(Lines give C-alpha, C1' and ligand atoms only; values in the text may rest on other atoms or scores of the structure.)
Protein backbone atom coordinates (compact mmCIF):
# COMPACT_ATOMS: atom_id res chain seq x y z
CA UNK A 1 0.00 0.00 0.00
CA UNK A 2 1.26 3.46 -0.88
CA UNK A 3 1.76 5.85 2.01
CA UNK A 4 0.94 9.48 1.24
CA UNK A 5 -0.19 12.52 3.16
CA UNK A 6 -3.90 13.22 2.84
CA UNK A 7 -4.60 16.95 2.85
CA UNK A 8 -8.39 17.33 2.47
CA UNK A 9 -8.05 20.99 1.49
CA UNK A 10 -6.07 19.92 -1.58
CA UNK A 11 -7.78 16.61 -2.32
CA UNK A 12 -10.80 15.62 -4.38
CA UNK A 13 -12.39 12.30 -5.13
CA UNK A 14 -13.23 12.15 -8.83
CA UNK A 15 -16.09 9.75 -9.50
CA UNK A 16 -15.96 9.44 -13.28
CA UNK A 17 -19.00 8.62 -15.41
CA UNK A 18 -20.82 6.25 -13.04
CA UNK A 19 -23.89 6.52 -15.24
CA UNK A 20 -26.54 3.84 -15.63
CA UNK A 21 -25.24 2.81 -19.07
CA UNK A 22 -21.63 2.43 -17.90
CA UNK A 23 -22.55 0.53 -14.71
CA UNK A 24 -24.98 -2.18 -15.85
CA UNK A 25 -27.50 -3.43 -18.41
CA UNK A 26 -25.94 -1.77 -21.44
CA UNK A 27 -23.62 -2.73 -24.30
CA UNK A 28 -21.06 -0.23 -22.94
CA UNK A 29 -21.33 -1.24 -19.27
CA UNK A 30 -18.09 -2.05 -17.47
CA UNK A 31 -17.68 -5.72 -16.60
CA UNK A 32 -18.77 -6.09 -12.97
CA UNK A 33 -19.49 -2.34 -12.90
CA UNK A 34 -22.26 -2.76 -10.36
CA UNK A 35 -19.82 -4.37 -7.93
CA UNK A 36 -17.74 -1.20 -7.46
CA UNK A 37 -20.67 1.06 -6.52
CA UNK A 38 -20.59 0.21 -2.77
CA UNK A 39 -16.81 0.77 -2.72
CA UNK A 40 -17.19 4.14 -4.40
CA UNK A 41 -19.86 5.14 -1.86
CA UNK A 42 -17.67 4.04 1.04
CA UNK A 43 -14.64 5.93 -0.30
CA UNK A 44 -16.76 9.04 -0.97
CA UNK A 45 -18.14 8.98 2.57
CA UNK A 46 -14.63 8.78 4.04
CA UNK A 47 -13.53 11.69 1.85
CA UNK A 48 -16.55 13.79 2.87
CA UNK A 49 -15.97 13.08 6.57
CA UNK A 50 -12.34 14.15 6.23
CA UNK A 51 -13.29 17.35 4.40
CA UNK A 52 -12.33 16.45 0.83
CA UNK A 53 -14.40 17.50 -2.15
CA UNK A 54 -16.34 14.80 -4.03
CA UNK A 55 -16.99 15.39 -7.73
CA UNK A 56 -19.23 13.19 -9.89
CA UNK A 57 -18.83 13.57 -13.64
CA UNK A 58 -21.41 12.66 -16.26
CA UNK A 59 -20.40 12.20 -19.88
CA UNK A 60 -23.38 13.74 -21.65
CA UNK A 61 -23.83 14.86 -25.23
CA UNK A 62 -26.43 17.14 -26.75
CA UNK A 63 -29.91 15.66 -27.18
CA UNK A 64 -29.45 15.86 -30.96
CA UNK A 65 -26.19 13.87 -30.68
CA UNK A 66 -24.25 16.49 -32.63
CA UNK A 67 -21.22 16.30 -30.32
CA UNK A 68 -20.81 12.55 -29.84
CA UNK A 69 -17.40 12.72 -31.50
CA UNK A 70 -15.36 9.57 -32.05
CA UNK A 71 -17.41 7.57 -29.55
CA UNK A 72 -20.46 8.11 -31.75
CA UNK A 73 -18.51 6.92 -34.78
CA UNK A 74 -17.23 3.69 -33.25
CA UNK A 75 -19.92 2.70 -30.73
CA UNK A 76 -23.39 2.16 -32.23
CA UNK A 77 -25.16 2.57 -28.86
CA UNK A 78 -23.58 6.00 -28.39
CA UNK A 79 -24.56 7.01 -31.93
CA UNK A 80 -28.11 5.87 -31.11
CA UNK A 81 -28.30 8.29 -28.16
CA UNK A 82 -27.24 6.24 -25.14
CA UNK A 83 -25.41 9.15 -23.46
CA UNK A 84 -27.56 11.93 -24.86
CA UNK A 85 -28.65 14.40 -22.19
CA UNK A 86 -32.17 13.47 -21.14
CA UNK A 87 -31.74 9.72 -21.71
CA UNK A 88 -32.38 7.78 -18.47
CA UNK A 89 -29.38 5.56 -19.28
CA UNK A 90 -27.13 8.65 -19.22
CA UNK A 91 -28.13 9.61 -15.66
CA UNK A 92 -25.95 8.98 -12.62
CA UNK A 93 -26.58 5.47 -11.33
CA UNK A 94 -29.24 5.69 -8.60
CA UNK A 95 -27.15 3.76 -6.08
CA UNK A 96 -24.33 6.32 -6.18
CA UNK A 97 -24.71 8.46 -3.06
CA UNK A 98 -24.46 12.19 -3.77
CA UNK A 99 -23.69 14.30 -0.71
CA UNK A 100 -25.18 17.74 -0.18
CA UNK A 101 -21.83 19.43 -0.94
CA UNK A 102 -20.80 17.15 -3.81
CA UNK A 103 -20.40 18.60 -7.28
CA UNK A 104 -22.16 17.10 -10.32
CA UNK A 105 -20.16 17.99 -13.40
CA UNK A 106 -21.56 17.43 -16.88
CA UNK A 107 -18.85 17.03 -19.49
CA UNK A 108 -19.73 17.02 -23.19
CA UNK A 109 -16.71 14.98 -24.28
CA UNK A 110 -13.98 12.73 -23.02
CA UNK A 111 -11.13 15.08 -22.31
CA UNK A 112 -7.74 13.70 -23.41
CA UNK A 113 -6.41 13.89 -19.86
CA UNK A 114 -9.42 11.92 -18.58
CA UNK A 115 -9.66 9.29 -21.32
CA UNK A 116 -8.06 6.40 -19.38
CA UNK A 117 -10.23 7.17 -16.36
CA UNK A 118 -13.49 7.66 -18.25
CA UNK A 119 -13.26 4.45 -20.21
CA UNK A 120 -12.75 2.39 -17.09
CA UNK A 121 -15.58 4.11 -15.17
CA UNK A 122 -13.77 4.14 -11.89
CA UNK A 123 -13.21 6.48 -8.98
CA UNK A 124 -9.80 7.90 -8.17
CA UNK A 125 -8.74 9.97 -5.21
CA UNK A 126 -6.35 12.62 -6.46
CA UNK A 127 -4.33 15.00 -4.37
CA UNK A 128 -3.08 18.16 -6.02
CA UNK A 129 0.37 19.53 -5.28
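Data table
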{"quantity": "Qualifying residue in the range 88-96 (condition: within 22 Å of residue 8 (Cβ to Cβ), in contact with a helix residue (DSSP H, G or I) (Cβ under 8 Å, 6 or more places away or on another chain) and surrounded by 14 or more Cβ atoms within 10 Å (Cβ to Cβ))", "calculated": "yes"}
{"quantity": "Any hit, the range 65-83, residues being under 24 Å from residue 101 (Cβ atoms), in contact with a strand residue (DSSP E or B) (Cβ under 6 Å, 6 or more places away or on another chain) and either surrounded by 11 or more Cβ atoms within 10 Å (Cβ to Cβ) or at pLDDT 95 or above (or both)", "calculated": "no"}
{"quantity": "Test: residue in the range 52-61 that is surrounded by fewer than 14 Cβ atoms within 10 Å (Cβ to Cβ) and either closer than 17 Å to residue 19 by Cβ or in contact with a helix residue (DSSP H, G or I) (Cβ under 9 Å, 6 or more places away or on another chain) (or both)", "calculated": "no"}
{"quantity": "Criterion: under 19 Å from residue 95 (Cα atoms), modelled with pLDDT of 95 or more, part of a loop (DSSP other than H, G, I, E, B) and more than 12 Å from the chain's Cα centre (by Cα) - qualifying residue of 29, 44", "calculated": "29"}
{"quantity": "Unique match (being part of a helix (DSSP H, G or I) and free of Cβ contacts under 8 Å to residues at least 24 places away in the same chain) among 72, 65", "calculated": "72"}
{"quantity": "Single condition residue 115 does not satisfy, out of (1) within 15 Å of the chain's Cα centre (by Cα); (2) closer than 24 Å to residue 31 by Cβ; (3) at pLDDT 95 or above; (4) not in a loop (DSSP other than H, G, I, E, B)", "calculated": "(3)"}
{"quantity": "Output for the range 10-24, where each listed residue is over 25 Å from residue 49 (Cβ atoms) and modelled with pLDDT under 95", "calculated": "none"}
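The values are calculated or read from the model by the stated rules, or taken from the named source; none is laboratory data. Note that the structure is a prediction, hence the values are computed from the model and not measured. Backbone-built Cβ (ideal geometry, glycine too); neighbour counts: all protein chains shown.
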